[in-house]
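Asks: This is the structure I have questions about; it appears just below.
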Amino acid sequence: MRTPVPTVPSQLPDVEVASAPRRGVPLVVAAQPGERSADGAGRASLGPGADRLPAQLPIADEVTGKTGETYPVPGTRHWVVGVGAGEPADWRAAAAALVRAFDARAEADQRAGRSAARAAQVLLPAGLTADQVTGLVLGAMLGDYRYAVTGKARPPRLRTLHLVTGDGTDPAQVDTAVRQAASWARATGLARDLANTPSNVKDPDWLASTGAEVAGRTAGLAVTVRDETWLAEQGFGGVLAVGGGSARPPRLLELTWRPRGSAKAPHLVLVGKGITFDTGGISIKPADGMHLMRTDMSGGAAVIAALRAVAELRLPVRVTGLVPCAENHVSGSAFRPGDVVRHYGGQTTEVTNTDAEGRMVLADALAYATRQLKADVLVDVATLTGAMKVGLGLRTGGLFASSDELAGRVAAAGAAVGERWWRMPLLDEHAEAVRSEIADLRQCPPGPGGITAALFLREFTAGLPWAHLDIAGPARAEQPYDEVTPGATGFAARTLVELVASYAR
């Protein structure tokens, strides 16, 4: 019997647009840093709605307007939240801090036997841009996301946030921004749910079937799950090799979005690594940190979530999502260093490290995308190399691309949705190291690990426009920051959706 886990996708707060404040619902007023007083005390400039707050509000001292500063107004259920310079990132961080503080107060009220507020309303400053609204919505919907396998009752949470428009703000523009940002937030939330699910539940079949079930509820999104028999018949040697050490066999999830009128649009294929648990195989990992390998399928989660959002937004672009799902385990049937594996399409790889399993499954899927699906543009996303964590830290994704144009699209998409990417070089001086003496390719050549991994994957892209997104760093978080909460972050899901949208434009 499997451990019961939270429903996927988990419920996020709703964000609604209102034309007037509602009675009895806590008010949220934005504050920005203002002038300093002669004694150096902080001052803040309060936005619309300040006249509804108590006149004795001590603006000069407690409230400074710094980004993410939350101030519960004494004797009321109202709040002041600092938005700093008011940039989209400031609104995202401020809204996230607000919902965390709001939910903490709701829990305290419940413990004290008082009714816990489940709704709040933000009085929007005049002239707020669509990008600022987007930041606010992302922070509010994702800022207090929580995933816990527990028998305890769910604590009270913010259910609805009303955005109250005022003079100088176009309600229609706000509503459009809210709907788009909400779709992005739901994509991030779904990716977090899938990646956070413990691996005693999340085997390859669970990931493929759950992804198929959730995505299949969206009109027009076709879903196919392939089993190990089909994979063997078609020659997916990389997926079969990686999954061969586990009693829980591999799967391939294929998601297809073909809207009307998209026949002349480029066909994008998104490939996500779906390793549901990674022991490292025979090249076994150290025990410290191995429990985090439940999130080693974060790339696959991002692809599943992105395809659902693309279909939800009805984007007029042909998109296919491929998620090769496998569990990299240790047993007598596990693949070994020194093995030679034949991938889909016929290329062979000399295995040198079974803990570099992600590139083995991605290689099969990329070759399938070029040969069978006739892709025009390829993008793969994976928690692939520790080198990216060393080089870029835990909040920035590594971006490799075969062209400046595609690299620019990915970076711009990330900037639009609040995800940061740094372009890395595809150094041709290391390309020869990918060659093997006994096979076509060598899995783990010497040299810079993130770059050589990308060069290996490039061998399966048939010269098509291709981007490789290494999210080993930002896919997981130990501490909250901005809209990110501890655990799986859902990083890359929003970028993929906005990347697809860029082709629609």
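Asks: So in segment 259-292, with the set limited to residues that are in contact with a strand residue (DSSP E or B) (Cβ under 8 Å, 6 or more places away or on another chain) and among the charged types (D, E, K, R), which one is surrounded by the fewest Cβ atoms within 10 Å (Cβ to Cβ)?
Replies: Lys285
Asks: Test of understanding: among Gly289, Gly261, Gly281, which residue is within 23 Å of the chain's Cα centre (by Cα) and not acidic (Asp, Glu)?
Replies: Gly289
Asks: On to the next question. Mind telling me which of the residues Ala208, Ala181 ends up being buried (at least 19 other Cβ atoms within 10 Å of the Cβ), in contact with a Cys (Cβ under 6 Å, 6 or more places away or on another chain) and outside any loop (DSSP other than H, G, I, E, B)?
Replies: None of the other options fit; the residue is Ala208.
Asks: Look through Ala89, Ala85, Ala104 and report the one residue that is free of Cβ contacts under 8 Å to residues at least 24 places away in the same chain and of a type in the set (A, V, I, L, M).
Replies: Sole residue among the options that is free of Cβ contacts under 8 Å to residues at least 24 places away in the same chain and of a type in the set (A, V, I, L, M): Ala104.
Asks: If I go through segment 1-15 residue by residue, how many of them are in contact with a strand residue (DSSP E or B) (Cβ under 7 Å, 6 or more places away or on another chain) and hydrophobic (A, V, I, L, M, F, W, C)?
Replies: Residues that pass the stated criteria total 1.
Asks: While we're looking at this one, here's another question. Please note which strands (runs of 3 or more DSSP E) are completely contained in segment 227-302 and include at least 3 residues that are over 16 Å from Leu194 (Cβ atoms) and either at pLDDT 95 or above or among the β-branched types (Val, Ile, Thr) (or both).
Replies: Ranges flagged: 251-257, 267-272.
Asks: Mind listing just one residue for me: the one in segment 335-355 that is part of a loop (DSSP other than H, G, I, E, B) and crowded, with 21+ Cβ neighbours inside 10 Å and, of those, nearest to the chain's Cα centre (by Cα)?
Replies: Checked segment 335-355; the qualifying residue nearest to the chain's Cα centre (by Cα) is Thr354.
Asks: From (1) assigned by TED's automatic domain parsing to the domain that holds Val379; (2) within 20 Å of the chain's Cα centre (by Cα); (3) buried (at least 20 other Cβ atoms within 10 Å of the Cβ); (4) among the hydroxyl-bearing types (Ser, Thr, Tyr), pick out the condition that doesn't hold for Thr256.
Replies: So the condition that Thr256 fails would be (3).
Asks: Does Gly299 fit the bill of being assigned by TED's automatic domain parsing to the domain that holds Val379, closer than 17 Å to Gly487 by Cβ, of a type in the set (Gly, Ala, Ser) and buried (at least 23 other Cβ atoms within 10 Å of the Cβ)?
Replies: Yes.
Asks: OK, next. Output the residue which, of all residues in segment 13-58 that are among the charged types (D, E, K, R) and more than 21 Å from Leu124 (Cβ to Cβ), is modelled with the lowest pLDDT.
Replies: Asp39
Asks: Can you find a residue in segment 417-425 that is more than 26 Å from Gly135 (Cβ to Cβ) and in the same structural domain as Leu457 (by TED's automatic domain parsing)?
Replies: yes
Asks: Another question, if that's okay. Restricting to segment 81-125, what's the tally of residues that are in contact with a strand residue (DSSP E or B) (Cβ under 9 Å, 6 or more places away or on another chain) and assigned to a loop (DSSP other than H, G, I, E, B)?
Replies: 7
Asks: May I pose another question? If you go through segment 226-239, how many residues are surrounded by 19 or more Cβ atoms within 10 Å (Cβ to Cβ) and either free of Cβ contacts under 8 Å to residues at least 40 places away in the same chain or under 24 Å from the mean Cα position of the chain (by Cα) (or both)?
Replies: Qualifying residue count for the region: 4.
Asks: Against the condition assigned by TED's automatic domain parsing to the domain that holds Ala94, touching a Gly at 6+ places or on another chain (Cβ under 9 Å) and surrounded by fewer than 17 Cβ atoms within 10 Å (Cβ to Cβ), how does Gly135 come out, does it pass?
Replies: no
Asks: Could you grab me the full set of residues in segment 411-430 that are of a type in the set (A, V, I, L, M), without any contact (Cβ under 8 Å) to a residue 40 or more places away in the chain and assigned to a helix (DSSP H, G or I)?
Replies: Ala411, Ala415 - these are the residues of segment 411-430 that are of a type in the set (A, V, I, L, M), without any contact (Cβ under 8 Å) to a residue 40 or more places away in the chain and assigned to a helix (DSSP H, G or I).
Asks: May I ask you to list the residues in segment 356-370 that are surrounded by fewer than 24 Cβ atoms within 10 Å (Cβ to Cβ) and under 17 Å from Leu270 (Cβ atoms)?
Replies: Across segment 356-370, the qualifying residues are Ala367, Thr370.
Asks: Scanning segment 191-205 for residues that are of a type in the set (A, V, I, L, M, F, W, C) and crowded, with 24+ Cβ neighbours inside 10 Å, which turns out nearest to Leu12 (Cα to Cα)?
Replies: Ala191
The values are calculated or read from the model by the stated rules, or taken from the named source; none is laboratory data. From a predicted model like this one, the values you see are computed outputs, not experimental measurements. Glycine gets a Cβ as well: all are built from the backbone with ideal geometry, and neighbour counts include every protein chain shown.
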